[in-house]
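Scroll down for the structure; my scribbles are underneath it.
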Amino acid sequence: MNYDWQQPHLTADEKAQRVVSQMTTEEKFAWLSGPMAIPLDETPLPQGALGSAAYYPAIPRLGIPAMQQSDASLGITNPGNVRPGDNATALASGLLRAATFNPEMAELSGEIVGEEAAIKGFNVMLAGGANLVREPRGGRNFEYLSEDPLLTGIMAGHSIRGIQSKHVASTIKHFAVNAQETGRVTVSSDMSESALRESDLLAFEIAIALGQPAAVMPGYNLVNGDWCSENAFLLSEVLKGDWQFPGWVMADWGATHSSARAVRAGLDVESGANLDTQVWFDQPLKQVVADGLVSQERIDDMVRRIMRSLFSIGAIEHPCPTYGHIDYMAHRLVAQREAEQGIVLLKNDNQTLPLARGATKLLVIGAHADHGVLSGGGSASVTPVGSLCLPGVDFMGLQTSKVYHPSSPLWAIRAESGAAEVSYLSGDNLAEAVSAARQADAVMVFGEEWRSEGLDACGMALSDAQNTLIAALAAVNTHTIVVLETGGPVTMPWLDRVPAVVQAWYPGAGGGEAIAGVLFGRVNPSGRLPVTFPSDETQLPRPQQIDPETTTSMPGVPVKGGIIPLDYSIEGSDVGYRWFTRTQQTPLFPFGFGLSYTAFSYADLQIERVQDEVCAIFTVTNSGDRAGADVPMIFIQPESGRYVARLAAFQRVFLQPGESCQLRLPLDHRVICCWDEANQKWVTEAGYYRLLLSKNAQEVVLQDRVELEAKATGYNGR
């Protein structure tokens, strides 16, 4: 059957307009709100729904397939095991992905998500987490990428591009400044427009320009007093106005608070409507249209934006197949390679690592390392076949398990090490663990810190029991290596007592093999920290956390105590490493830090000007005796002191021993500018700027200076 939109040479906009012009009012409204598409509170699964985040019915007479939405960027989720026996590749956490500093790897992991989604029948992925890590204790930090807008924007954009290359739509979320989970539905993230534009919004702007996501999802929180889902500044002025975003804006599940106000502000779809206080985008929206408070043209625009996005990525022309084979083993290997590139070696005194193969007796302790590797909880939790699921938290009416992905570090260490004996202890019995450690050639102790959506970490420390265990093991065995599986930065009171520390994050389906590869040298570690590790909470802009007992974190739950203003103007645009530079504090480990089993040197830094483009040109040499990857970083800072050094360019490069290469890194102009709120323009201040060729945010190797002319640039011809 041929449909009107199948005419040759039609653009996505033209196809969408033809479809919308033929839709009935009921068909339009059926795509403007929908319930969470899983059985919840005895609500049956919508007919035709696969069972996941959302379902919007097909329109067969117009050739429009159903919209099936699933979480998300770390793999295809299966909330509440609504699809029994389902399998999916569990990718590593977003923090690990960003730690690779490898856009190509981000895009490849996105392709895996898109391919598995399409074969399973999902055509929209609620992916693309791009919130800056402002709060190191944030419960969803493991889903996000980094504290830096350039790194976040590039990695998120490439991940989205990978998903949509498979004709599967992707969101970007949570727009904007959704930096914590405790009180996420009551917190107002407050700061100036210039600070917003130069930090969190810049990350989204870069990612949207690069990845061209189909949809944007606002956060649960408020920004400067207005809910993100009805924040006209964010949705209409910035997103749809300045950035000319052509796609649709979908609310987070249970985050819609009105009909007319939300629609006029720029919200297009009410998601998870059964979690809201009422279904705002059904009868209430129909009524405000009838009353003339919202025009029919606006309703048509809302639907057109959805259709336009689906046409633009080929989701309608290439509907999800009803058959297909997923090569889970191939995908697992990609997940392993990603983990190998993102694991960070934080400490390695006296070349403790890599461990020599063929040791007599090795001991592995803790964190269920005999079974698998830890993952984060909530809507991003992926449960491949063979996962270990332990009690977790109650999340939006669902019991969310604490999941260990089936990639055992113990068995991988046995395979890599060639040791005569590799034993395992849980570490629950301290005396038993200490006794065994005395007899071992080396001890690998796994420390874990679990985080979940809806629940921030309480402080940045491992549990007291784990810290006590690590210190006790280090006291009896000088070859005690700590492997950390965490959802963000943690403190390390035992750091001076252990010779080696490996930051493994939540490493995903191939995590055990990746960890073992690093420990025994098959993999030369090359991950770099995408977030600063503070020494303790006193170094943070807001050392005190909001009390979870006096606030509300779940949508649809009556707000306790009213809206909580959270002052983000303390650091403003100086998030993470910029805050530490501005306040002249020394963190435990700086942004960009990471050790290697080889050494790299930099030379011959030059600055090239081609019209308005500024490029740093320099030579990188692998001066060690192992092949490995390095991540040179270019920071820029005006000599006037208007802002502290900002990351302006980076590139991952792999070199053989003794090999050199010349890199040419263009600096991102959006990082160089500042936002002039009064004139609504990006402004480059005239003067000299220092270019810092660095190994990390606190280790400058070479520097030069460049003079820039004053320049002002607005949006849309301003």
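The values are calculated or read from the model by the stated rules, or taken from the named source; none is laboratory data. Fair warning: this is a prediction, and the values are worked out from it, not measured in the lab. With ideal geometry, Cβ positions are generated from the backbone for all residues, glycine too; neighbour counts draw on all protein chains shown. The accessibility values were calculated without ligands, DNA or RNA, using every heavy atom of the protein model including side chains. Shrake-Rupley method; radii C 1.70, N 1.55, O 1.52, S 1.80 Å.
Ignoring ligands, DNA and RNA, what percent of the 1.4 Å accessible area of region 12-56 is carbon and sulfur?
Carbon and sulfur atoms account for 48 percent of the accessible area of region 12-56.
Between (1) 30.7; (2) 77.1; (3) 46.1, which entry matches mean projected area of the Cα convex hull in nm² as derived from the coordinates of this structure?
This structure yields the entry labelled (1).
Report the paramagnetic label zone for Cys389: residues of region 40-63 whose backbone N is under 16 Å from a point 7 Å from Cα along the Cα-to-Cβ axis.
40, 51-53
In region 394-452, what chymotrypsin sites (Phe, Trp or Tyr not before Pro) fall in a loop by DSSP, with at most 16 other Cβ atoms inside 10 Å?
none
Setting aside same-chain residues fewer than 8 positions from Lys120, which aspartates and glutamates have a Cα under 15 Å from its Cα?
Once the sequence-local aspartates and glutamates are set aside, what remains near Lys120 is Asp71, Asp86, Glu111, Asp327.
Explain nothing, just compute: Karplus ³J(HN,Hα) = 6.51 cos²θ - 1.76 cosθ + 1.60, θ = phi - 60°, for every residue of region 223-229 in order, whole Hz, x for Gly and Pro.
These are the phi-based 3J(HN,Hα) values: 10, 6, x, 10, 3, 4, 6 Hz.
Once you have the Cα-Cα distance between Val706 and Lys361, take 0.36 nm times their residue separation minus that, and quote the gain in nm to one decimal.
Contour length minus Cα-Cα distance gives 118.5 nm.
Ranked from the most accessible area to the least, with a 1.4 Å probe and all protein chains present, what is the order of Cys458, Cys389, Cys615? Could the numbers behind the result be given before it?
Numbers: Cys458 130, Cys389 70, Cys615 0 Å².
These residues rank, largest area first, as Cys458, Cys389, Cys615.
Calculate what fraction, in whole %, of the accessible area of region 472-611 sits on carbon and sulfur atoms when a 1.4 Å probe is rolled over the protein chains.
Taking all protein chains in place, region 472-611 shows 52 percent carbon and sulfur surface.
For Lys15, list the lysines whose Cα falls under 24 Å from its own Cα; do not include residues on the same chain fewer than 8 positions away.
Excluding near neighbours in sequence, the set is Lys28, Lys166, Lys240.
When only the heavy atoms of the protein chains count and the probe is 1.4 Å, how do Val498, Val700 rank by accessible area, highest first?
Details: Val498 5, Val700 70 Å².
The most accessible residue leads, giving Val700, Val498.
Tell me the relative contact order for region 444-534 as a rounded percent, counting alpha carbon contacts under 8 Å between residues six or more apart.
28 percent
Run the accessible area of region 631-718 with a 1.4 Å probe and give the carbon-and-sulfur part as a rounded percent.
Of all accessible area on region 631-718, carbon and sulfur atoms account for 47 percent.
Given a 1.4 angstrom probe, what's the average accessible area per residue across the chain, in square angstrom? Working shown, then result.
Working: 25010 Å² over 718 residues.
For the chain, the solvent-accessible area averages 35 Å² per residue.
Keeping all protein chains in place and using 1.4 angstrom, which order do His405, His9 fall into by accessible surface area, from largest down?
Of His405, His9, the descending order of accessible area is His9, His405.
Tell me, what ³J(HN,Hα) does each residue in region 76-90 have, in order and in whole Hz, if you take phi through Karplus 6.51 cos²θ - 1.76 cosθ + 1.60 with θ = phi - 60° and put x for Gly and Pro?
Each residue's phi maps through the Karplus curve to give 7, 8, 9, x, x, 6, 5, 10, x, x, 5, 10, 7, 7, 8 Hz.
Please give me the summed charge of the neighbours of Lys173: other residues whose Cβ is under 11 Å from its Cβ, Lys and Arg +1, Asp and Glu -1.
Every neighbour counted, the sum reads -2.
Mind checking region 89-194 for GluC sites (Glu not before Pro) that DSSP puts in a loop (not H, G, I, E or B) and that have at most 14 other Cβ atoms within 10 Å?
none
Apply the Karplus parameterisation 6.51 cos²θ - 1.76 cosθ + 1.60, with θ equal to phi minus 60°, to every residue of region 481-495 and state each ³J(HN,Hα) to the nearest whole Hz, in sequence, with x for glycine and proline.
3J(HN,Hα) across region 481-495, in whole Hz: 9, 9, 10, 9, 10, 9, x, x, x, 9, 7, 9, x, 9, 4.
Could you pull the accessible area for Thr583 with a 1.4 Å probe, rounded to 10 Å²?
50 Å²
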